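Participant: Got a structure for you, written out below as structure tokens; questions coming shortly.
The values are calculated or read from the model by the stated rules, or taken from the named source; none is laboratory data. Please read all numbers here as calculations on a predicted model, not as lab measurements. Ideal geometry is used to build each Cβ from the backbone, glycine not excepted, and the neighbour counts take in all protein chains shown. To get the accessible areas, we keep the full protein, side chains included, count just its heavy atoms, and leave off ligands, DNA and RNA. Shrake-Rupley method; radii C 1.70, N 1.55, O 1.52, S 1.80 Å.
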Amino acid sequence: VSLSADVVTLEKNSGKGAALKAGMRRIKECYPDCQNFITCDADGQHRIEDVIKVRDKLKSGKKFVLTVRERKGKIPLRSRFGNDLSKFVYTLLTNSYLSDNQSGLRGFSISNIDWLLSVEKDKYDYEMNVLLHLTYEKMRILEYPVKTPYSEQYSIMHFKMVKEVFQNAQTVKAR
């Protein structure tokens, strides 16, 4: 198997959502035969075996795959608290439960790239807005369990994300 990467660089740090959208635009422009794509955080928290499992789920016809990181072992307190708070807020806003709405390992069918590019926000809140849109539109999200090598280095949380979720939920819901 031959692997290659197409690195997309932004002139300035415009946020995680902006980076994801830039990657999606590159896929759309340069890879017309692409069927699916996977997003994966670059913090070393996701194993290649799990990326391959997400790929296999997409190849089997799933449109959206959201990985659920296992909660075993010593999970940094900030990570546990941030993830639990995010799940609580998400459930309150949507009346829907996702086991891990903060996992950065996700898979998407290319057929949804246009609306993914239209989702508002360009920072950390983009990924939550994607899930809010999926939930409000009653689109099926496959949750898939994966192993996670937790370390203190992964415990940096963006707690303003919860505030952003509250602020943006009405925008996404109004669509």
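Participant: Rounded to a whole number, what % of the accessible area of region 1-152 do carbon and sulfur atoms account for, probe 1.4 Å?
Facilitator: Ligands and nucleic acids excluded, carbon and sulfur reach 53 percent.
Participant: Loop only by DSSP, 12 or fewer other Cβ within 10 Å of the Cβ. Give me the chymotrypsin sites (Phe, Trp or Tyr not before Pro) in region 31-140 that pass, ordered by residue number.
Facilitator: Those that pass, being in a loop and sparsely packed, are Tyr97.
Participant: So which aspartates and glutamates can Lys123 reach, going by Cα to Cα under 18 Å and dropping same-chain residues fewer than 8 places off?
Facilitator: Glu11, Asp41, Asp43, Glu164
Participant: How do Asp33, Asp6, Asp50 rank by accessible surface area computed with a 1.4 Å probe, from largest to smallest?
Facilitator: The ranking, largest first, comes out as Asp33, Asp6, Asp50.
Participant: Arg78 to Ser118: FRET efficiency via 1/(1 + (r/R0)^6), r the Cβ-Cβ distance, R0 35 Å, to the nearest 0.05?
Facilitator: Rounded to the nearest 0.05, the efficiency is 0.60.
Participant: Per residue, how large is the accessible surface of region 1-88? Use a 1.4 angstrom probe and give square angstrom.
Facilitator: Accessible surface, normalised per residue, equals 67 Å².
Participant: Past the 24 Å Cα-Cα mark, which pairs from Lys28/Lys147; Lys28/Lys87; Lys63/Lys138; Lys12/Lys57; Lys57/Lys138?
Facilitator: Table pairs above 24 Å Cα-Cα are Lys28/Lys147; Lys28/Lys87; Lys12/Lys57.
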